[in-house]
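I'd like to ask you about the structure that follows.
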């Protein structure tokens, strides 16, 4: 095991490590393609400050909106108020039912983690959109269990002590701080869950998906990379990454099992039921991560000596690579799958003198673009699955690898100190909203509804809570009630783009029933009424495709002519979402009618290139036929 050069964290950049070289994997290639297209074909880039939606004459600035009532048909006893603590970090809302000291310690570590990750893999942290994320720290009673999905979806990531769920608008990470030790069969206490490391894995998964345009990586790649980030260790003066102590299958005592070993795969703790596989009711979840490994001490270094590999049975079964790399849920996310993904990705990036690094990056790029098979594997690595399986067996027995180490030079301050955080009692509205949104994402619709309604019955009128209630009512098909909640939340200035999008859809449905302009077109006032919430949503994170598709559709139904600045908003949408053919087509049609033909032609060319079906391509071709011949 060798160490890369010690670098001055203040005056030099990190080396182009394998992960840094792999940054191209998490930058959507489609965005780069379209950026090049715009630079070479469009007459002018859209201005950063586009014109606002046209003002709607005659629309009063304030309207009385009477909020809906929830009718109680029987005697209902509200549960006692819950006690949680609340804090905010950029892009994050945090709920914790633990003590102030442990919560503040975690939030301090989280800030240092972000700093350390920005050194190890800067593009992963710096390029991510500022997506609102809910973080729930469960430290009292059995509060984690209420969030466990009854039927996990494929894109959910669940372990016995952590949960990561998301949709296109937001994400939620739930960590169980209670189950950290367990009594073993011999009466000894073992550490089975390091909540800090669990969070590192889930947070890395969140960052990777955000960097990949909110889409998950292939399962094996996401699992392997997220587990490598669980090796991240840092202090005031150093950052260490990708170090493996003891090897993947190295011998270790039960109280100090290597991070990469698979303790429990042959009995062990699994007999106590704490490793139940949430994806398999008939089996057990044997994730070697839980069984100890690199522990984390705040502000200090906890290292273990290098241990030469011991009998390979400690690692367990090497599953066929075709199964590990596939997406058949009967063969993945169980047994040794997690450990093997970890070992494979680590070997390719940091092991064997990095001889597989280039082939791995090529193969990962292919896997991100679509399904891969053994022919792709041989083209990238120059060997068959079977040949690589044999080499992987040797690697887990004797893990010869390099790892990354950054050290601050003597006399320098090292990592910056975390910013002070205000930790306060959460309001009942905040508790209901954050728990309700997380329960919704985790597949608990009834519990989610209950979490929203209880604070409302207690007369809480927080705009965020009202927006959540409006979205809930809309989801359940009660548009009139949804409209009242959303109108009120919008007037209160809620920061929730999906609420504004839903409000715009409800307004659009209303004006389409009674168009005020000749020919069944929308008047300027009607257009403005629909666009007003969309322009608010456009200014709030995260960027949503629905914002631009609704703006484009509304202008296409309008009798008014969009100004050049309004057209630039549509071009902005096409640049942000170049794979969304609906947005690109709407922009192309409006530019063909009201804008420069060369811009319309460039958009049409892009649409033809990214269209996946013949009908859509034909639509673009028909639109191109309406342009001047030179286009």
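Pull up the stretch 323-347, narrow it to residues that are at pLDDT 90 or above and either over 22 Å from the mean Cα position of the chain (by Cα) or in a loop (DSSP other than H, G, I, E, B) (or both), then point me to the one that is farthest from residue 220 (Cα to Cα). Show your work before the answer.
To start, the set of residues in the stretch 323-347 that are at pLDDT 90 or above comprises 323-325, 340-347.
Keeping just the survivors that are either over 22 Å from the mean Cα position of the chain (by Cα) or in a loop (DSSP other than H, G, I, E, B) (or both) gives 323-325, 340, 343-344, 346-347.
Details: 323: 10, 324: 7, 325: 6, 340: 9, 343: 11, 344: 9, 346: 12, 347: 14 Å.
Filtering the stretch 323-347 for residues that are at pLDDT 90 or above and either over 22 Å from the mean Cα position of the chain (by Cα) or in a loop (DSSP other than H, G, I, E, B) (or both), the one farthest from residue 220 (Cα to Cα) comes out as 347.
Quick check: anything in the stretch 518-525 part of a helix (DSSP H, G or I), modelled with pLDDT of 95 or more and within 28 Å of residue 168 (Cβ to Cβ)?
No - not one qualifying residue is present in the stretch 518-525.
Could you list, in sequence order, the residues of the stretch 429-468 that are in a helix (DSSP H, G or I), touching a residue at least 60 places away in the same chain (Cβ under 8 Å) and within 19 Å of residue 133 (Cα to Cα)?
Step one: filter the stretch 429-468 for residues in a helix (DSSP H, G or I), giving 429-441, 445-457, 463-468.
Adding the requirement that they be touching a residue at least 60 places away in the same chain (Cβ under 8 Å) leaves 430-431, 434-435, 437-439, 441, 447, 453-454, 456-457, 466.
The answer is 430, 431, 434, 435, 437, 438, 439, 441, 466.
Further question on the same structure: From the list 588, 559, 602, which residue is touching a residue at least 12 places away in the same chain (Cβ under 8 Å), farther than 20 Å from residue 501 by Cα and touching a strand residue (DSSP E or B) at 6+ places or on another chain (Cβ under 7 Å)?
Just one listed residue meets the conditions, 559.
Does residue 362 fit the bill of being touching a helix residue (DSSP H, G or I) at 6+ places or on another chain (Cβ under 9 Å), closer than 20 Å to residue 85 by Cβ and free of Cβ contacts under 8 Å to residues at least 40 places away in the same chain? First the steps, then the outcome.
Values: touching a helix residue (DSSP H, G or I) at 6+ places or on another chain (Cβ under 9 Å): yes; closer than 20 Å to residue 85 by Cβ: no; free of Cβ contacts under 8 Å to residues at least 40 places away in the same chain: yes.
For residue 362, the condition - touching a helix residue (DSSP H, G or I) at 6+ places or on another chain (Cβ under 9 Å), closer than 20 Å to residue 85 by Cβ and free of Cβ contacts under 8 Å to residues at least 40 places away in the same chain - is not met.
Right, something else. Would you mind finding the one in 528, 499, 537, 490 that is part of a helix (DSSP H, G or I) and more than 21 Å from residue 462 (Cα to Cα)? Explain how you work it out, then say what you get.
On the way: 499 fails: more than 21 Å from residue 462 (Cα to Cα); 537 fails: more than 21 Å from residue 462 (Cα to Cα); 490 fails: more than 21 Å from residue 462 (Cα to Cα).
Sole residue among the options that is part of a helix (DSSP H, G or I) and more than 21 Å from residue 462 (Cα to Cα): 528.
Every residue in the stretch 359-377 that is more than 29 Å from the chain's Cα centre (by Cα) and surrounded by 15 or more Cβ atoms within 10 Å (Cβ to Cβ), please. Walk me through it before giving the result.
First pass over the stretch 359-377, keeping only residues more than 29 Å from the chain's Cα centre (by Cα): 374-375.
Answer for the stretch 359-377, where residues must be more than 29 Å from the chain's Cα centre (by Cα) and surrounded by 15 or more Cβ atoms within 10 Å (Cβ to Cβ): there is none.
Inspect the stretch 522-543 for any residue being surrounded by fewer than 21 Cβ atoms within 10 Å (Cβ to Cβ), in contact (Cβ under 8 Å) with a residue 40 or more places away in the chain, touching a helix residue (DSSP H, G or I) at 6+ places or on another chain (Cβ under 7 Å) and under 18 Å from residue 570 (Cβ atoms) and give the result as yes or no.
yes
Any residue in the stretch 191-204 that is surrounded by fewer than 23 Cβ atoms within 10 Å (Cβ to Cβ), in contact with a strand residue (DSSP E or B) (Cβ under 6 Å, 6 or more places away or on another chain), at pLDDT below 80 and not in a loop (DSSP other than H, G, I, E, B)?
Looking for residues that are surrounded by fewer than 23 Cβ atoms within 10 Å (Cβ to Cβ), in contact with a strand residue (DSSP E or B) (Cβ under 6 Å, 6 or more places away or on another chain), at pLDDT below 80 and not in a loop (DSSP other than H, G, I, E, B), one finds at least one in the stretch 191-204, hence yes.
Can you pull out the residues in the stretch 565-604 that are surrounded by fewer than 20 Cβ atoms within 10 Å (Cβ to Cβ), in a helix (DSSP H, G or I) and more than 31 Å from the chain's Cα centre (by Cα)?
Once the filter is applied, which keeps residues that are surrounded by fewer than 20 Cβ atoms within 10 Å (Cβ to Cβ), in a helix (DSSP H, G or I) and more than 31 Å from the chain's Cα centre (by Cα), the stretch 565-604 yields 565, 593, 594, 597, 598.
Here is a follow-up. If the requirement is being at pLDDT below 85, buried (at least 18 other Cβ atoms within 10 Å of the Cβ) and over 17 Å from the mean Cα position of the chain (by Cα), which of these qualifies: 103, 161?
Numbers: 103 fails: at pLDDT below 85.
Being at pLDDT below 85, buried (at least 18 other Cβ atoms within 10 Å of the Cβ) and over 17 Å from the mean Cα position of the chain (by Cα) holds for just one of 103, 161, which is 161.
Somewhere in the stretch 397-411, is a residue without any contact (Cβ under 8 Å) to a residue 12 or more places away in the chain, loosely packed, with under 15 Cβ neighbours inside 10 Å and not in a strand (DSSP E or B)? Reasoning before the result, please.
First pass over the stretch 397-411, keeping only residues without any contact (Cβ under 8 Å) to a residue 12 or more places away in the chain: 410-411.
In the following step, the residues that additionally are loosely packed, with under 15 Cβ neighbours inside 10 Å were identified as 410-411.
Next, from what is left, pick out any that are not in a strand (DSSP E or B): 410-411.
Within the stretch 397-411 (the criterion being without any contact (Cβ under 8 Å) to a residue 12 or more places away in the chain, loosely packed, with under 15 Cβ neighbours inside 10 Å and not in a strand (DSSP E or B)), the answer is yes, since at least one residue qualifies.
Check the stretch 505-512 and report whether any residue there is buried (at least 24 other Cβ atoms within 10 Å of the Cβ), touching a helix residue (DSSP H, G or I) at 6+ places or on another chain (Cβ under 6 Å) and either free of Cβ contacts under 8 Å to residues at least 40 places away in the same chain or more than 24 Å from residue 66 (Cβ to Cβ) (or both).
As a first pass, look at the stretch 505-512 and keep what is buried (at least 24 other Cβ atoms within 10 Å of the Cβ): none.
There is no residue in the stretch 505-512 that is buried (at least 24 other Cβ atoms within 10 Å of the Cβ), touching a helix residue (DSSP H, G or I) at 6+ places or on another chain (Cβ under 6 Å) and either free of Cβ contacts under 8 Å to residues at least 40 places away in the same chain or more than 24 Å from residue 66 (Cβ to Cβ) (or both).
Out of 393, 386, I need the residue that is over 26 Å from the mean Cα position of the chain (by Cα), surrounded by fewer than 20 Cβ atoms within 10 Å (Cβ to Cβ), assigned to a helix (DSSP H, G or I) and at pLDDT 95 or above. Which one? Step through it out loud before you land on a result.
On the way: 393 fails: at pLDDT 95 or above.
It is 386.
For the list (1) surrounded by fewer than 18 Cβ atoms within 10 Å (Cβ to Cβ); (2) closer than 13 Å to residue 67 by Cβ, I need the number of the one condition that residue 481 fails.
For residue 481, the exception is condition (1).
Would you pick out the residues in the stretch 440-471 that are at positive phi and touching a strand residue (DSSP E or B) at 6+ places or on another chain (Cβ under 7 Å)?
Result: no residue meets the conditions.
The values are calculated or read from the model by the stated rules, or taken from the named source; none is laboratory data. Treat the numbers as computed from the prediction; the structure is a model and nothing was measured. Every residue, glycine as well, gets a Cβ built from its backbone with ideal geometry; the counts of neighbours run over all protein chains shown.
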